[in-house]
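Enquirer: My structure is below; once you've seen it, I'll send some questions.
The values are calculated or read from the model by the stated rules, or taken from the named source; none is laboratory data. Every value quoted in this text rests on a predicted model; they were computed, and no experiment measured them. A quick note on method: Cβ atoms are made from the backbone with ideal geometry, for glycine too, and the neighbour counts reach across all protein chains shown. Calculation scope for accessible area: heavy atoms of the full protein, side chains included, ligands and nucleic acids excluded. Shrake-Rupley method; radii C 1.70, N 1.55, O 1.52, S 1.80 Å.
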Amino acid sequence: MSDKQYITPETKAKLELELQGLIDHRPVVAAEINERREEGDLKENAGYDAAREMQDQEEARIKQISEILANSTTDRGNVVEGVALVGSVVHVYYNGNEDDKETFLIGTRAAASDNKDLETYSEQSPLGAALLGAQEGETREYTSPNGTVITVTLESAAPYDSQLAATPRVTK
């Protein structure tokens with residue numbers, strides 16, 4: 001299995017667009033720094049300090065996005081219908097109460113889709129880790145951050161599909 005984290009195709013496109021925008025903005029920031037530098041004393045030049053701060057923030061974001069893209073994949077080759085895996089949209093219910101349902105994507109926060117109705121839970125979170133590998137109908141336990149033991153039943157799991165992600169599914 002790959003060490004790369006799953007991100008949705010929409011998220012990848014959004015990150016690539018943001019990265020290109022930041023890269024394209026570099027000359028503007030450099031020109032601003034040069035312009036402020038020419039104003040004189042750098043020790044008391046708020047404009048210069050602000051331009052340098054902007055440069056530092058944008059370079060940090062470029063590095064962050066580059067790392068996310070380098071360490072992620074949109075490949076769902078190992079994701080199958082009926083099994084909760086990274087890249088799966090799962091429909092679950094809690095503590096045996098079929099009225100207490102939730103639908104979410106299993107993956108890193110970077111994987112989050114643009115669908116505001118679809119939450120993303122990390123595969124490393126207590127809930128995400130408990131569900132990994134579960135098959136439809138299977139119930140598992142996990143301990144919440146406040147120490148409560150919660151049961152979660154996997155109602156259904158399917159590979160992420162931007163068109164169907166938040167649509168509730170009818171189970172057999």
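Enquirer: Answer with yes or no whether residue 129 is touching a Phe, Trp or Tyr at 6+ places or on another chain (Cβ under 8 Å), at pLDDT 90 or above and closer than 26 Å to residue 15 by Cβ.
Expert: yes
Enquirer: In segment 1-26, what residues are among the basic types (Lys, Arg) and in a helix (DSSP H, G or I)?
Expert: Residues satisfying the conditions are 12, 14, 26.
Enquirer: For segment 94-102, does any single residue satisfy the condition of being in the same structural domain as residue 149 (by the TED database) and open to solvent by less than 40 Å² (accessible area, probe 1.4 Å)?
Expert: Taking every residue of segment 94-102 in turn, at least one turns out to be in the same structural domain as residue 149 (by the TED database) and open to solvent by less than 40 Å² (accessible area, probe 1.4 Å).
Enquirer: Still on this structure, I have one more. Which of the residues spanning segment 27-47 are open to solvent by 100 Å² or more (accessible area, probe 1.4 Å) and either at pLDDT 95 or above or outside any loop (DSSP other than H, G, I, E, B) (or both)?
Expert: Across segment 27-47, the qualifying residues are 35, 37.
Enquirer: Filter segment 112-151 down to residues that are charged (D, E, K, R) and touching a residue at least 60 places away in the same chain (Cβ under 8 Å), then give me how many there are.
Expert: 1
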